[in-house]
Amino acid sequence: LEVCYALGISNGDKISISKARFNPDSSGENIWKPLIANGNFSQKNERSEGELDLGVAICAQFPTKCKSSAEVEFVLAWDMPVVKFGGGRRQYRRRYAGFFPDASKRVEQMCSHALMSRIEWEKKIDAWQQTILSDDSLPDWYKSALFNESYFLTDGGTCWFEYDDEWRSTERQMSDESAKYFKEFGRFAYLEADQVLASCDHKSVNINESTRTEVKRLGRLPHDLGNPSQFQLMFI
């Protein structure tokens, strides 16, 4: 699957930016020594033809007054617009790609968007959390669980897909109403807990006993019952 990574730095009048490429299997001295000596990546890029692994680094250098400090913002973004599971019978396109339609500049635009929006995002998060934290009618355990488990949204939300008409060819139970909402809001592969079946009668082989049993009997915990070589999304 195609994936592109990018590092970005917020620019400024007095900020000098340098970049470096290096072999991630090396000791790292070729980038650390000039960084220690000069405060930037001044060495020749370290890479030879035919290498599959590549390390990259970016450095921001700027002056500060004696006994003072300054800050600079960095951002890491990655663009992986297509997702496949199992044998790859179906491809999914991530919904975020539609907000950055120019594929050649997508990851660069994502970095810029993050740097320009970071402060606004933090303010909105603080405002949302404050309404919960200041509500005396809510118990502390609820507040803690709500915020500590919010990673589920970002973790599972990474599989937020654009609607594809091909879905209905294999999901014949999909109603027109469901398709309508999928077109408007997309689809979350890992957040549709209400659509996960309470049981699954597909047969699998137990390695220890060499017997065939149901993947998930009613009442059985579903943890680790999936198989990455199978197309699990079609079982829900």
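Every number in this text was worked out from the coordinates using simple rules, so none of it is lab data. Predicted model only: the values in this text are computed from it and were never measured. Every residue, glycine as well, gets a Cβ built from its backbone with ideal geometry; the counts of neighbours run over all protein chains shown.
Structure summary
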{"quantity": "Ranked list, fewest to most other Cβ atoms within 10 Å of each Cβ, for 32, 121", "calculated": "121, 32"}
{"quantity": "Rounded Å value of the spacing that divides the Cα centres of segment 109-166 and segment 51-105", "calculated": "20 Å"}
{"quantity": "Stretch gain in nm, segment residue 37-residue 179, where the contour uses 0.36 nm per residue and the Cα spacing is subtracted", "calculated": "45.1 nm"}
{"quantity": "Extension gain from residue 13 to residue 167, taking 0.36 nm per residue of separation minus the Cα-Cα distance", "calculated": "50.4 nm"}
{"quantity": "Residue exposure sequence - 102, 164 - by fewest surrounding Cβ within 10 Å", "calculated": "102, 164"}
{"quantity": "Förster radius 30 Å - calculated FRET efficiency between residue 136 and residue 83, Cβ distance, rounded to 0.05", "calculated": "0.10"}
{"quantity": "Simple spin-label estimate for residue 217 and residue 54 in nanometres, 7 Å along Cα-Cβ", "calculated": "5.3 nm"}
{"quantity": "Residue exposure sequence - 172, 187, 21 - by fewest surrounding Cβ within 10 Å", "calculated": "172, 21, 187"}
{"quantity": "Pairwise label distance in nanometres, residue 108 with residue 72, each label 7 Å out on the Cα-Cβ vector", "calculated": "2.0 nm"}
{"quantity": "Interchain or long-range residues, amide H under 5 Å from residue 161's placed H", "calculated": "95, 187, 188, 189"}
{"quantity": "Hits among lysines - C-alpha to C-alpha of residue 183 under 23 Å, sequence gap 8 or more where chains match", "calculated": "84"}
